[in-house]
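Working notes, structure below.
The values are calculated or read from the model by the stated rules, or taken from the named source; none is laboratory data. Please read all numbers here as calculations on a predicted model, not as lab measurements. Cβ sites come from the backbone with ideal geometry, for glycine too, and all protein chains shown count toward neighbours.
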Amino acid sequence: MLWLGDFHNARQLLGAMDRRLERTAAKRNAQPGSSPSEDFYRIRQTRAQRSRMLSLLLVPISFDTPDATATVPLPRAPQLGAAVAFGYDRQPGYGKQDAVLSLQELLGIQGGHQWFLKGVEVPALGARIHPHYGTFLPTRHEYVDLVAAAPLQDMELAFDIGTGTGVLAAVLAARGVRKVIGTDIHQRAVDCANDNFARLGIENTAKAQLTSMFPPGRASLVICNPPWLPGSAPTSLDAAVYDPGSKMLLQFLSGLPDHLTEDGEGWLVISDLAELLGLRTTSMLPDAIDRAGLEVIDRLDTVPTHARATDGTDPLHAARSRETTSLWRLRAKRRGGL
Ligand SMILES: C[S@@+](CC[C@H](N)C(=O)[O-])C[C@H]1O[C@@H](n2cnc3c(N)ncnc32)[C@H](O)[C@@H]1O
C-alpha cells in the first residue's frame, strides 16, 4: 500500500498493524510441548512474516535536485533527509531519485541514525562507539567486559576478525596493544570501525580492512566474536546475529593455528544460547576446537545483564535466562602434548 496521506497517520496505521500481528504471533508461538529448537524456528519464521507484512506499507521520498537531501512529501512528515542519506548513501543503486520506501525500514533507519549520532556508551572503553547503519550494535556489555578483563600476554600485534564497529579492537588498543588489524566482509563495517578509531584518536594503532577472515601473517593475539546462532542470514543485520552453518565460527577455529605466533592466543567470544536452544550440540564446539589442533588454556564466563535476559515475556526466556557468555582462550596444541 502506497500511503499518500498524513505521515503521522501512516505511523499510527503501522503501529496498529504491528499490534494485531503481535497478537497473532503470540497465539502461534504458544505451543506447549514443543522443543526449544522448534520454538526458536517458529518464532523466527513468525517474526520474518510479521516484518514482511509491515514492510508492505510504503511512503514516497523525493529529491528536489539530485544534490538535495531527500524529503518525505507528506503532511506532518519530519525531516528525514539526513537519516535517508545515513541508510542509503553508499548503497549500490542509490541514485538520489524519487522512490518509495517501506515505512518500517525508514523508521528503522531513523532509529539507527539516532544511535549513530548519540553513540553507544561502552563502559570498558569509557567512551562511545558510533555504529554505522547495518553494523552490529555493541549494546551488550558483558562480552566487551570479558575482552577488557582477559589476561594479555603480548602487546605487539592483534587481529580482530569480524570487527563490526571496531569495539573490541578499540578495547585492545586501550589496553596497550601496539597494533590492531580488524577485518570485516562488509565495507560499511570497515568504514564504521575506521571512523570509530579516528573518533577515539587511535587511528595510528587500529586499522580495519575489507578482508574475509584473517589478514596475512601471524599475531600474538587473534580475537573473534562471530554471530552466536547458526541460522540463515538474508539481511546484513541478520548476518551479525546468525552464522549460516556456523561457518564463521568453524573458519575461525580451523584457520587460527596458521595465524598465531608460537605462543600466541586466540580468543573466541561466544555464548551458549545455541546449545540451550538445541541449535548446536554441547560437544560441537569442544570437538571443533580439538579438530582444529587447538587446546583450551582457560574459559572466562559471565552472565548477560541486558534487559532481555530477565524479560519473562520473551518467548525464548527459558533459554535466555540460563545463558552464559564465554571467552575461550585457545592456543595451538604443542607437538607431543604438554
Ligand atoms: C557478531 S558481529 C561482531 C562485531 C564486533 N566484533 C563486536 O564484537 O561487536 C560479527 C561480525 O563479523 C562479520 N563477518 C561475518 N563473516 C565474516 C568473515 N568471513 N570475515 C570477516 N568478518 C565477517 C560481520 O560482518 C559482523 O560485523
key: Single residue of Asp263, Asp258, Asp243 found to be in the same structural domain as Pro304 (by TED's automatic domain parsing) and closer than 22 Å to Ala148 by Cβ   = Asp263
query = Any idea which of (1) surrounded by fewer than 16 Cβ atoms within 10 Å (Cβ to Cβ); (2) at positive phi; (3) among the small types (Gly, Ala, Ser); (4) within 9 Å of the ligand (Cβ to nearest atom) is the one Gly176 doesn't satisfy?
reply = (4)
inquiry  = Can you pull out every residue in segment 243-282 that is touching an Asp or Glu at 6+ places or on another chain (Cβ under 7 Å) and either of a type in the set (A, V, I, L, M) or within 12 Å of the ligand (Cβ to nearest atom) (or both)?
reply    = Leu249, Ser271, Leu273, Leu276
request  = Could you please find all residues in segment 256-296 being assigned to a helix (DSSP H, G or I) and among the aliphatic types (A, V, I, L, M)?
outcome  = Leu256, Leu273, Ala274, Leu276, Met284, Leu285, Ala288, Ile289
message = If a residue must be of a type in the set (Ser, Thr, Tyr) and in contact (Cβ under 8 Å) with a residue 40 or more places away in the chain, how many such residues does segment 264-293 contain?
response = 1
note = Of the residues in segment 198-220, those that are surrounded by 14 or more Cβ atoms within 10 Å (Cβ to Cβ) and away from the ligand (no atom under 14 Å from the Cβ) come to Arg199, Leu200, Ile202, Glu203, Thr205, Lys207, Arg218, Ala219, Ser220
query = Does Gly111 meet the test of being closer than 23 Å to Ala240 by Cα, outside the structural domain of Glu275 (by TED's automatic domain parsing), of a type in the set (Gly, Ala, Ser) and in contact (Cβ under 8 Å) with a residue 40 or more places away in the chain?
reply = no
message = Being under 22 Å from Thr139 (Cβ atoms), out of contact with any Leu (no Cβ under 7 Å at 6 or more places or on another chain) and touching a residue at least 40 places away in the same chain (Cβ under 8 Å): is that true of Thr261 here?
response = no
query = Which residues, taken from segment 139-169, are of a type in the set (Gly, Ala, Ser) and more than 10 Å from the ligand (Cβ to nearest atom)?
reply = Ala148, Ala149, Ala150, Ala158
